[in-house]
Amino acid sequence: MFEPKFAERSKLLKPSSIRQMMAIAKELLAQGKTVYELNIGQPDIPCIPEFVDGIMRKAESRQINYTPYNGETYLRETYARYLNSYFDRRGVDHLVIDTENILVCAGASHCLSNIFLTICNPGDEVLTIEPFFSPYQGFLAIAGGVLKAIPTEAENDFALPSNEVIESYITEKTKAILINTPNNPSGRIMSYEELERLARLCVEHDIYLISDEVYREMIIGDEEAVSVLQIDLHDDELNEKLINRMIVVDSASKTFSLCGVRIGFVISLQPIVNTIALVNAHTVACISDIMQYGVASCYDAVMWRPEYIEEFRGIYRERLEATMEAIHRYLPKCIVSRPKGAFYVMIKFPELEDVNEFCHYTLEHFNMGGETVALTPAKNFYLDPKLGKNEVRIALVVSPEKMKRSIQIVSQSLKSYKRYKANIDSHMRQLL
Ligand SMILES: Cc1ncc(COP(=O)(O)O)c(C=O)c1O
């Protein structure tokens, strides 16, 4: 039989179990079943209307062309203005960003792949904080890099460990510390003090600080996110060293419910941005013309109409309220910490040993009145196989009523699953 030959690099990439769960849910939906897809990290609310206006205007021009490899100037200018106004609206000091500091890529995912291809040699390490957005591992593997993770605990509100602990993970191969705030999956927002600590460590150890801030606008608690662009080390020399090592990533996907549009941004010093842009030039050539046009209309709109952000925050807050109430009521033994940002909730099931089987059981073998729920097993968000085994992540992607209904289904499924496991155990005992 013909065996295709592949490069070693391709063997490092594994299909994600999140996608496998999604495929099963889609199959059940195609069969006409009702599945609440809480496994998907995709906002369900309609995109901002200005996107449609922008796209229509561009389409009507009938000029859809190649674009500059670092992104269209009008989008880079508009995004830089948006970012400065984002901080000004909150009245916080920040690094002023200009057009030359912005690079456009095909979503934050592509930004991160490009960054790793630019800064990592094979075998280089990037440190991140557990739990983390699982695709980081694959993005880095393509560049030949290795992800290392510093654990944090739900019981301790996922707080950043001490400098001593962090430094014990830094080796001569470490190229960067990669953080994500607000965090997917924990919903945690890093404090100014934590970011300042990380910034000082990166300067001291001469490594990059990469900050994934795609959820900057998705605040579902009462505390705003802090950006690394706000950090002031109160020393000109240290601040300059930090600026030379800082790379921020953002995206239109979550802010405007535009996951399928694939537009993201790298924000950094001009020489860093220009070098990462060369990866765009030599891989995808350039980013979609019409999509950049549509997204520029969105950033332009929120500068004049910030209520849009407040409106979508309100929708997610209502869903969170209903979900937290339902968890406390229907899953009283579960441990849950209230997320402050992004739109996910992590639920720990102390009674379960391996939640993966429970997630499959719920989706494939359990229903309540013909309805079931797709969950994401949280082990995907940890490198350490011992961690996350009894945790799931749910996304706040359906109405408050449906979120409550989903938690009721999970609670009934848990009872049914425990009976099923007990039956298997007693059957096994009879056989022995
Ligand atoms: C933390 C985090 N970073 C990056 C991404 C990728 O975003 P994009 O759609 O812009 O590629 C996601 C998507 O879920 C995410 O959760």
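Each reported figure results from applying straightforward, stated rules to the coordinates on display, with no laboratory input. Being a predicted model, the structure only gives us computed values, none of them experimental. Note that each Cβ is placed from the backbone with ideal geometry, even for glycine, and that neighbours are counted across all protein chains shown.
Could you give the C-alpha radius of gyration of segment 6-67 expressed as a fraction of 2.2 N^0.38 Å, taking N as the number of residues it contains?
For segment 6-67, the normalised Cα radius of gyration comes out at 1.80.
Starting from the Cα of Asp157, move 7 Å in the Cα-to-Cβ direction to define the label point; list residues of segment 314-341 whose amide nitrogen is under 11 Å from there.
338, 340
Mind checking the full-extension length gain between Ile142 and Glu318? Use 0.36 nm per residue of separation minus the Cα-Cα distance, one decimal, nm.
Contour length minus the Cα-Cα distance gives 59.4 nm.
Based on the Cβ-Cβ distance from Cys259 to Asp235, what FRET efficiency comes out when R0 is 30 Å, to the nearest 0.05?
Between Cys259 and Asp235 the formula returns 0.15.
If I take all pairs of Cα atoms in the chain, what percentage of them are more than 31 Å from each other?
Counting pairs separated by more than 31 Å, the tail of P(r) holds 43 percent.
Please quote Rg/Rh for segment 256-338 to two decimal places, taking the Kirkwood radius as Rh and restricting both calculations to Cα atoms.
Checking Rg against Rh, the ratio lands at 1.18.
How far is helix 289-304 tilted, in degrees, relative to the longest principal axis of the Cα atoms in the chain, given as a value from 0 to 90 rounded to the nearest 10?
Roughly 90 degrees between the two axes.
What is the spin-label model distance, in nm, from Arg429 to Asp206 if the labels are put 7 Å beyond Cα along the C-beta direction?
Label-label distance for Arg429 and Asp206, simple model: 6.4 nm.
What lysines could a cross-link reach from Lys340, if we take a straight Cα to Cα line under 18 Å and drop same-chain neighbours fewer than 8 places away?
Lys254, Lys348
Could you list the residues of segment 393-422 with an amide nitrogen less than 12 Å from a label point located 7 Å from the Cα of Glu351 in the Cα-to-C-beta direction?
Residues 411-422 fall inside that zone.
Would you kindly derive the ³J(HN,Hα) couplings of segment 251-256 from the backbone phi angles with the Karplus curve 6.51 cos²θ - 1.76 cosθ + 1.60 (θ = phi - 60°), listing them in order in whole Hz, with x for Gly and Pro?
7, 7, 4, 8, 4, 10
Relative to 2.2 N^0.38 Å, what does the C-alpha radius of gyration of segment 49-305 come to as a ratio? Two decimals please.
For segment 49-305, the normalised Cα radius of gyration comes out at 0.98.
Stretch Arg89-Leu278 to full length: gain in nm at 0.36 nm per residue minus the Cα-Cα span?
64.7 nm
Rounded to the nearest 0.05, what FRET efficiency is calculated for Asp222 and Glu164 with R0 set to 45 Å and r the Cβ-Cβ distance?
The formula returns an efficiency of 0.90 here.
What are the extents of the Cα atoms of segment 202-329 along their three principal axes, in Å, largest first?
Extents along the principal axes: 50, 40, 30 Å.
How big is segment 318-370 on each of its three principal axes, counting only the C-alpha atoms and giving the largest first in Å?
Principal-axis extents of the Cα atoms in segment 318-370, largest first: 32, 27, 22 Å.
Please give the charge dipole size of segment 49-305, origin at the Cα centre, charges +1 on K and R Cβ atoms and -1 on D and E Cβ atoms. Round to the nearest 20 debye.
Result for segment 49-305 is approximately 1140 debye, rounded to the nearest 20.
Just from its helices, what would the mean residue ellipticity at 222 nm be for the chain, if runs of 4 or more DSSP H residues each count -39500 (n - 2.57) and the sum is divided by every residue, rounded to the nearest 500 deg cm²/dmol?
-14500 deg cm²/dmol
Please give, to one decimal in nm, the separation of the simple spin-label points placed at Ser416 and Ile335, each 7 Å out from Cα toward the Cβ.
Output for this residue pair reads 2.8 nm.
Mind checking which of Thr78, Gln292, Leu209 is farthest towards the positive end of segment 49-305's charge dipole, using Cβ charges of +1 (Lys, Arg) and -1 (Asp, Glu) about the Cα centre?
Comparing the listed Cα positions along the dipole, Gln292 ranks first.
State to the nearest 20 debye the size of the charge dipole of the chain about its Cα centre, where the only charges are +1 on K and R beta carbons and -1 on D and E beta carbons.
For the chain, the charge dipole is close to 1960 debye.
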